[in-house]
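The next block holds one structure in the form of C-alpha cells; read it before the comments.
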Amino acid sequence: MKKVLLAEDTDIWIKTYKRLLIKQFGFSVVVAKNGKDAINFINNETFDLVVCDHYMPGQTGNAVYAHIRKSDESKNKNVVFIHHSSMPCSYEYAESDDDKNFYIIPKDGDVHLITSLLEELGFGD
C-alpha cells in the first residue's frame with residue numbers, strides 16, 4: 001500500500017484530503033499538523049507522496065520542502081503543496097532548483113485539481 005504524508009493544520013482540510021487519498025487512491029495516510037511534526041515523520045518513515053500546506057504553525061511548508069530536498073532518500077519524491085488561493089505563495093527552493101517533482105495547487109474546495117494531478121502522476125488505478 002502506498003503511503004502519503006499529509007501535512008495540514010486545519011481539521012476540515014485534513015478530513016477532506018484524507019478521505020480523498022484513502023477512498024479514491026488507496027493510500028495509507030499519516031497526518032502531521034505542523035511543519036515540525038512533518039519533518040520528524042520524514043526523518044523516520046518512507047512516503048510515496050507528500051501533500052503539504054504552505055501556512056502551518058511552527059515551520060512552514062517551505063521548511064518542510066527544503067528538508068525533503070536535502071534528504072537523499074526523499075529528494076526525488078513528489079511533493080504537492082496546497083495553499084489558499086487568496087494568500088501569497090512562494091517556494092523559493094522549487095523556483096531555484098527547477099524541481100520537476102514539485103506541484104502547487106490552490107486549496108479552494110475543488111478536490112478535482114488534486115485528483116487530476118495524482119492521476120497524472122500515476123497514483124490512480
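Fewest first, what order do Arg69, Arg19 take by the number of other Cβ atoms within 10 Å?
Listed from fewest to most nearby Cβ atoms, that is Arg19, Arg69.
Applying 1/(1 + (r/R0)^6) with r as the Cβ-Cβ distance of Ile104 and Ser28 and R0 = 35 angstrom yields a FRET efficiency of 0.90.
Set the Förster distance to 30 Å, then compute FRET efficiency between Ser71 and Met1 from the Cβ-Cβ distance, nearest 0.05. Kindly include the intermediate steps, with their values, before the conclusion.
Values: r = 22 Å, r/R0 = 0.74.
It comes to 0.85.
Bear in mind these aren't lab numbers, they're just calculated from the coordinates by the rules spelled out. Bear in mind the structure is a predicted one, so any value in this text is a computation, not a measurement. When we count neighbours, we look across all protein chains shown, and the Cβ atoms used for this are built from the backbone with ideal geometry, even at glycine.
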